[in-house]
Amino acid sequence: MTVVEPSLSPQEISRIAARIDRPIVLVGLMGVGKSTVGRNLANLIGRKFVDADDAIEAAAQRKISEIFEDFGEEYFRDGERRVIARLMDEHSGVIATGGGAFVDDQTRSLILDQAIGVWIYCDIDTLVERTSRRDTRPLLKSGDPQEILTRLYHEREPYYSQAQVRVESRDGPHVETAVSILEAIDAWL
């Protein structure tokens, strides 16, 4: 396995990390790499990483798909917002959210007010390829993934575009996307 070193020096990374005074919350469609990039980003800046979907499942002691099925999306979004708020209060690290979290008006407002929202995006063909690797995406089981992801992108883009920072996830090591996020946050701050 090849280890890719970040293009920023450790001193540059430390300088940027010292300026970050609130959680970094990653938003975007499924498959853009929020969890993997988030782990890399947290590691670079020496902070904790948490996946909001994992925290929701741990708190509810059931799978997200089960919550949706048994109680509906509105119930899920309310719980999701409460978990994200708790995670943001607990630490100033990196939080990866589910693809629909930032579409919810209250959750988006919470993130924009108390965190640095980072929209990670990539082209649809890359999303289709990435999401086909695992059969754990309920939204993609009901039709053509290319069409579904294209529709979701167009529906959610107006919300995602409100994030303070946006970064493209390209093919290649995820640490490169993490470095791009740091550079974009540095420019935004």
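The values are calculated or read from the model by the stated rules, or taken from the named source; none is laboratory data. What you see is a predicted model; the values in this text were computed from it and never measured. All Cβ positions, glycine included, derive from the backbone under ideal geometry; neighbour counts span all protein chains shown. For accessibility, only protein heavy atoms count, side chains too; no ligands or nucleic acids. Shrake-Rupley method; radii C 1.70, N 1.55, O 1.52, S 1.80 Å.
At 1.4 Å probe radius, can you tell me the per residue accessible area of the chain in Å²? Spell out each step's value before the answer.
Numbers: 9800 Å² over 189 residues.
Result: 52 Å² per residue.
Against the chain, whose longest principal axis comes from its Cα atoms, helix 10-19 is set at around 60 degrees.
With all protein chains present, how much of the accessible area of the chain (probe radius 1.4 Å) comes from carbon and sulfur, to the nearest whole percent?
Exposed carbon and sulfur together represent 46 percent of the surface.
For the pair ASP105 and GLN162, the difference between a 0.36 nm per residue extended length and the Cα-Cα distance amounts to 19.4 nm. Once the Cα atoms are used to define both axes, helix 174-188 deviates from the longest principal axis of the chain by about 70 degrees.
Ranking LEU41, PHE102, PHE68 by Cα position along the charge dipole of the chain, where only Lys, Arg, Asp and Glu carry charges on their C-beta atoms, puts LEU41 farthest toward the positive end.
A cut-off under 11 angstrom between Cβ atoms defines the neighbours of PHE68, and their net charge, with Lys, Arg +1 and Asp, Glu -1, is -3. Modelled spin-label separation between ASP125 and GLU147, with each label point placed 7 Å from Cα along the Cα-to-Cβ direction: 2.1 nm.
Hey, what angle do you get for helix 145-160 against the long axis of the chain, alpha-carbon based, 0 to 90 degrees rounded to 10? On a 0 to 90 degree scale, this one is about 60.
Our analysis of the chain gives Rg over Rh at 0.95, with the two radii drawn from alpha carbon positions and Rh computed by the Kirkwood formula.
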